[in-house]
Amino acid sequence: MQQIRKSMPTARQRMTAAKSARNRHSAEQKLVELKRRLREISDLTAAGDVLNWDQATYMPRGGAEARGRQCAVLYRLAHEQAVAPGLGKLIDALAHYGESLPHDSDDASLIRVARRDFQKMIKIPPDHVARANAHGSASYNAWTRARPANDFVAMVPYLERTLDLSREYSSYFAPYKHVADPHIDYADEGMTTASILKLFSELKSQLAPMVCAICEQPVAEASSLRQAFPKAAQFEFALNVAQRLGYDLNCGRLDLTHHPFSTRFSTGDVRITTHVNENDLGDVLFSTLHEAGHAMYEQGISAALDGTPLGKGVSAGVHESQSRLWENVVGRSRGFWEHFYPSLQRVFAEQLGSVTIAVFHRAINKVARSSIRTDADEVTYNLHIILRFNLELKLLEGELRAKDLPEAWRAAMKAELGVAPADDRDGCLQDVHWYSGYIGGRFQSYTIGNILSAQFYAAALRAHPNIPSEIASGKFDTLHTWLRDNVYRHGSKFVPNHLIERTAGAAMNMTPYFDYLREKYAALYRLPVSFGGNSGTLPSLL
Ligand code: ZN
């Protein structure tokens, strides 16, 4: 009896409990309202994305002008809602409640990320967004004409304006240490110009001797890939492989475009496109695996996060790690082709019937210094990125004038890769990035993706050492499930550095990447495993 009486709440305690229940109820109602608003923003954006997908795939050319207008309306409406003062008030009112919830719960993460996004968005004046978008599409249209005509001079005024707009964008985030920092942070939150420069300097010191050692060996024969392969059979084979990896066609589809891409409308609808070249079998195989990797990430995000800012991949670099893991680490491995090569040979018996798996495997992993980034192999690829990153910094700093870019490009190509492009079309006009948006933060994500692809894969192998033998027998479930549980399902709940530490058990570091490259290319080019120096234990980068 005494016990019961002791635990009876006092009147004051009852009032406090009632007040806190009312507060909780009010916060929960506000959270419902926040989710409703965020879903509307997400739906407007997705509707614009559907129109963009349609434009890239099936829309007749005559629809371009009206389509540009229609997309602009939808994205403008989404932007207006994303910076509405009412949304800001709602987020502020929920800040305290969000902090009272467990940090990694969906609701705490949603309130935290919505607040961060809102605070970033309101710094950018709407008229800047409108000017930058209009200039971006004008510049892109000009580039589609200038590149085939090898006419860099026509792009100089566009580039100058792009640089002005890029610096203007950064100015809204002042103070910063480097003018490129706000752009880098936008793509790869938590990274800076200084941290990327440190990463690239270490990377280059290891990669350059590796490239030299490989290029001293006999050149790999790749002519088996450059025969005439019927396009429909190529498409069908690539789609079948993507499905076998785990790309779900009930929640996606594959179409043809000149430049392959993946796009998400919801967890239940993540589409990819690919490119088929009759005379290069590698094109369709690896662009499909790459885009399927991006799409499997998006398909694997928890459905509970759909329609919120958490329902998408966390950063450009982590996204690239997923496409490259499936494309390169898995899709260019010997084990993968132990399983798929016999069926590829059956489909293309005339072309590949007498080509051994060893020759085919060497062909799809041929290392060569070349002018074009998108054709580059795994070993030289990062040198193309380092070159672009350094030029971006010089352009933004004003040290390099837009008109002097072709010459600077050629000099950098010779210094980094030992080759010079024949013309600007295959030189500084080759990538769309600088001609379709800002300059700054546009390229580092590819290299971060390469590094992380090996680090995530190594972590998956620690948990499941049998993954390579499963891949060689055509089973991808264990790897796919591990990635879904450790990377995909979280969407954007955790900032990239936090996600990497949770998943890989350590901050981003290059040791697994160098180990992966050395082991693979030592076998392919008959080199000692320590070729090009030894990575040893590198310090973590972040
Ligand atoms: Zn990609």
Requested in this report: Show which lysines lie in cross-link reach of residue 120 when reach means a straight Cα distance below 30 angstrom and same-chain residues fewer than eight apart are skipped.
Outcome: 30, 35, 89, 177, 198, 312, 394, 493
Report summary line: Computed over the chain: longest principal axis from alpha-carbon atoms vs helix 11-57 long axis, angle to nearest 10 degrees, is 30 degrees
Report task. Show me 99-105, 410-416 ranked by packing, highest mean number of other Cβ atoms within 10 Å first. Result -> 410-416, 99-105
Query raised in the report: Sorted by average packing, counted as other Cβ atoms within 10 angstrom per residue and highest first, what order do 478-484, 214-220, 454-460 take?
Result: 454-460, 478-484, 214-220
Query raised in the report: For residue 216 and residue 140 in the same chain, what is the full-extension length gain: residue separation times 0.36 nm, less their Cα-Cα distance, in nm?
Result: 23.4 nm
Query raised in the report: Residues in region 72-101 near a label at residue 23, defined as backbone nitrogen under 18 Å from the 7 Å Cα→Cβ point?
Result: 90-101
**Report entry** Modelled FRET efficiency - R0 25 Å, residue 73 with residue 33, Cβ distances, 0.05 increments
**Finding:** 0.50
Report summary line: Once all protein chains are kept in place, residue 508 shows an accessible area at probe 1.4 Å, nearest 10 Å², of 0 Å²
Query raised in the report: Taking Cα centroids, how far is region 157-233 from region 410-450 in Å?
Result: 7 Å
Report task. For the chain, count the residues as N, evaluate 2.2 N^0.38 Å, and divide the Cα radius of gyration by that value, please. Result -> 1.05
Query raised in the report: Between residue 425 and residue 258, what is the label-to-label distance in nm when each label sits 7 Å out along the Cα-to-Cβ direction?
Result: 1.2 nm
Query - Rounded to 10°, Cα long-axis angle of helix 64-82 versus longest principal axis of the chain - result: 40 degrees
Query raised in the report: By how many degrees, between 0 and 90 and to the nearest 10, does the Cα long axis of helix 156-171 differ from the longest principal axis of the chain?
Result: 30 degrees
**Report entry** Where the Cα pairs of region 397-487 fall when distances are cut into 10 Å bins, in %
**Finding:** 13, 29, 20, 18, 18, 2
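The values are calculated or read from the model by the stated rules, or taken from the named source; none is laboratory data. None of the values given here were measured: they were computed from a predicted structure. So basically every Cβ, Gly included, is an ideal-geometry build from the backbone, and we count neighbours across all protein chains shown. For the accessible areas, the whole protein counts, side chains as well, though only heavy atoms, and no ligand, DNA or RNA atoms are used. Shrake-Rupley method; radii C 1.70, N 1.55, O 1.52, S 1.80 Å.
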